[in-house]
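In what follows, a structure is listed as structure tokens, so that the remarks can point back to it.
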Amino acid sequence: MKLLEDRIRRDGIVREGGVLKVDSFINHQMDIPLFREMAREWKRLFAGKPINKVLTIEASGIGIAAIVASEWNVPVVFAKKAMSINLDYDNYETQIQSFTHKKIYNVIVSKKFLTASDHILIIDDFLANGCALMGLLELAKEAGATVEGIGIAVEKGFQPGGELIRARGIQLESLAIVESMDAATGEIVFRPQPHHH
Ligand code: 5GP
């Protein structure tokens, strides 16, 4: 998505260790008009899918997912990170290794809010190693929900997550895919996506 790529080039900051900071428009301050354009692009890319719910994970996915849910006029459920094992049979539960915080989280979603009749669109801000998405896919599987697709704002194409997800045959639409980035020069190269606006 050209709008997002241009914004990343302008306001994104490339850090050492393959980290891209987008605090001024996604991860701290949130640019809602930009999120609205992103939601419209996903609406076009997932046209015809019977999506009745958006699923994301706290915290940074929630803002984007809320705007996306508004575009479809459906609820959004966010998986919660819990520090300790929660022996609560009313929840589906899995574990996720965090890229940014180098911790393992237990992640839960209530059985009330994710069920076998749900057709979900998973939304998140970043895709790196794919741990967060694998966790959300596991929760969806436990619930028997159908995953209609996955929408990611920024995929780091030089990390393995995207390939892992696509190999599963799930429609994954990342609005910007960073092929490479250079912390010294700040240069960012995006993967061409001809079917994207
Ligand atoms: P994964 O589980 O795919 O390795 O990482 C996904 C999560 O880590 C995202 O939800 C995001 O919060 C965080 N993340 C991974 N890489 C980056 C990055 O380069 N920049 C930012 N801002 N967040 C990242």
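Applied to region 158-170, the Karplus parametrisation 6.51 cos²θ - 1.76 cosθ + 1.60 on θ = phi - 60° returns per-residue 3J(HN,Hα) values of 8, 10, x, x, x, 5, 4, 5, 5, 5, 7, x, 8 Hz, with x for Gly and Pro. Exposure proxy shown here: for T185, T146, T115, the number of other Cβ atoms within 10 Å sets the order, fewest to most, as T185, T115, T146.
Over region 26-81, what is the relative contact order in whole percent, taking alpha-carbon pairs under 8 Å and six or more residues apart? Relative CO of region 26-81 lands at 40 percent. Dipole check for the chain: with +1 at the C-beta of Lys and Arg, -1 at the C-beta of Asp and Glu, and the Cα centre as origin, the magnitude is about 180 Debye. Using a Förster radius of 35 Å, what is the FRET efficiency between Q95 and V74 based on their Cβ-Cβ separation? Nearest 0.05, please. That pair, Q95 with V74, gives E of 0.80.
For region 14-30 versus region 103-180, the inter-centroid distance based on Cα atoms is 20 Å. Close amide H pairs (under 5 Å, H built 1.01 Å from N) link V76 with V54, residues at least 5 positions away or on another chain. Computed from phi, the 3J(HN,Hα) profile of region 112-117 under the Karplus parametrisation 6.51, -1.76, 1.60 (θ = phi - 60°) reads 5, 10, 9, 9, 5, 8 Hz, with x in place of Gly and Pro. Name the GluC sites (Glu not before Pro) in region 8-60 that are in a loop by DSSP and that have at most 10 other C-beta atoms within 10 Å, would you? Passing both the DSSP loop test and the Cβ count: E16.
Normalised radius of gyration (Cα atoms, divided by 2.2 N^0.38 Å) for region 2-190: 0.99. Each 5 Å bin from zero holds the following percent of Cα-Cα pairs in region 99-197: 2, 12, 21, 22, 18, 13, 7, 4, 2, 0.
Among the listed pairs K2/K43; K43/K141; K49/K81, a Cα-Cα separation exceeding 27 Å is found for K49/K81.
Bear in mind these aren't lab numbers, they're just calculated from the coordinates by the rules spelled out. Model, not experiment: these values are computed from the prediction. Every residue, glycine among them, receives a Cβ derived from its backbone with ideal geometry; neighbour counts consider all protein chains shown.
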